[in-house]
1. Quick check of the Kirkwood formula: for the chain, what is the inverse mean of 1/r over all pairs of different Cα atoms, in Å?
2. If you find the alpha carbon centre of the stretch 194-253 and of the stretch 152-189, how far apart are they in angstrom?
3. If you scale each eigenvalue of the Cα gyration tensor by 5 and take the root, what three semi-axes come out for the stretch 92-147, rounded to whole angstrom and sorted largest first?
4. Within the stretch 396-452, which trypsin sites (Lys or Arg not before Pro) sit in a loop by DSSP and count at most 10 neighbouring Cβ atoms inside 10 Å?
5. For the stretch 38-161, max minus min Cα coordinate along each principal axis, in Å, sorted largest first?
6. Provide the per-residue ³J(HN,Hα) series for the stretch 378-388, in order, calculated from phi with Karplus coefficients 6.51, -1.76, 1.60 and θ = phi - 60°, each as a whole number of Hz, with x at glycine and proline positions.
7. Straight distance only, please: which lysines reach the Cα of K357 with their own Cα at less than 28 Å, same-chain residues fewer than 8 apart left out?
8. Hey, can you grab everything whose amide H is under 5 Å from the amide H of T54? Only 5+ residues off in sequence or another chain; H modelled, so Pro and N-termini drop out.
Amino acid sequence: MLRIAYALLLASVFVLRGQDGALNNALDERISSALRASGAPSVSVAVVQHGEITYAKAFGQADIAENRSADAATRYAVGSVSKQFTAAALLLLAEQGKISLDDKVGKYFPDLTRAREVTIRELLSHTSGYEDYAPQDYIIPEWTHPITPGEILNQWAKKPLNFDPGTRWQYSNTNYVIAGQIFEKVSGQPLMAFLREKIFQPLGMSTPGEITDHAPADASAYTRYALGPPRVVAREGPGWMFAAGELAMTPSDLARWDIAFLDKKILSARSYSDFTSEVKLKNHKETHYALGLSLGELNGTPMISHTGEVSGFLTSNAVFPAKGVAVVVCSNEDGIGLIGPLGRQIAGLALGGASEKEIGQVRGILEGLREGRVDRSIFTSDANSYFNDVVVKDFAASLGGLGKLLDVTKTNEQLRGGMTHRSYRAQYEKKTVLLNVYVMPDGRYEQFLVEETL
């Protein structure tokens, strides 16, 4: 059940140059609607287009008990998004000739398991075989007590490997604790201090810091149990996240890093190539992972991304180099599937979404079905057989009670079975539904399903 407190969402706007009014209105509606439906305390979003931040806004409450609103200056823990900064720090050391990505771990920590077989590149790409010390998605008692990175390595990086180096991909935070320790041993400098000097300060990122350094204006951490309300949750003790997930910052500062990433600043061309190139297994199978970065696509557009989770926080950071777009989404509640779907919806809007003609045709089909009409000329014989009398009556009866159709947005597109598979989100006055659609090469619809979303 949605709480009344979320019905009156408080939004704080960070005004920036180059904002598109129509896009901003669409984003406002999409984000506030998603937050209301989720019941999470807050969500904060930053969008990059054409080399600048064009949208930065927070919705909801940074702290429920204090009734403190989130705003664009509110910091969130970004969890494993921190890994790309650790990778960048090691790439900068490589540019200085102090390390090589193909150095063996044993050169720096010879007492770790099979350290003379595992490379730094395998650490950064999660292909090393070292067992993950923090796979749980809830905070366990041990994590509330302080620890040192060295103690983490003694407990987990001296265990037998889960697989031979380079033969499998398996996400492991242990890899990045080792990588961070290598960085500090070679550079003689704390990782955080280096990041401030070489990355944060040059890019004008004023808010990044360690998650254990809480500021009064930061978002508070919440979780949920099953489908219950937000509950205050404990945070990890000092040392646990280190190079694997230590950072907290505003979405806007993370977006400033994304701008530099898109412009290929900070790192050299060779380092950027290493940073973003997929690391394949020894049998040449794909991992869809580079160095602290996941590789994929959205609606056919190449996407470089990573998510982050620490106790009470979730973050999604996605960059679309071909379009010059980046989307950052942060929330102060874990245990909820909010940021992934919302990030994809925001990216779809920022990337341009569907054409007016396409959306107009989808709207027309929905309006017709609401009235019990089907234009059978735009459907295949299979689809026409699906829309029998019972189906058409059920469509009309169920859609007729949803009120006015307010908006249709495409959320995904990909090829499958010789057709184009498209997903849409149709917002009515009383409910939002999902559309699951297949379109033939000649433009006729092979499938047009309306599905409930909870």
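Bear in mind these aren't lab numbers, they're just calculated from the coordinates by the rules spelled out. Nothing here was measured: the structure is a model prediction, and the numbers come from that model. We place every Cβ from the backbone using ideal geometry, glycine too, and count neighbours over all the protein chains shown.
1. Details: mean 1/r = 0.0425 Å⁻¹.
Answer for the chain: a Kirkwood hydrodynamic radius of 23.5 Å.
2. What the calculation gives is 22 Å, centre to centre.
3. Details: eigenvalues 147, 37, 28 Å².
Square roots of five times the eigenvalues give 27, 14, 12 Å.
4. Numbers: sites: K404, K410, R416, R422, R425, K430, K431, R444; in loops: K404, K430, K431, R444.
Those satisfying the criteria are K404, K430.
5. Projected onto its principal axes, the Cα set of the stretch 38-161 covers 52, 43, 22 Å.
6. So the J values, rounded to whole Hz, are 9, 10, 6, 4, 4, 5, 5, 5, 5, 7, 7.
7. K323, K393, K404, K410, K430, K431
8. Residues meeting the amide H criterion: V47, V48, Q49.
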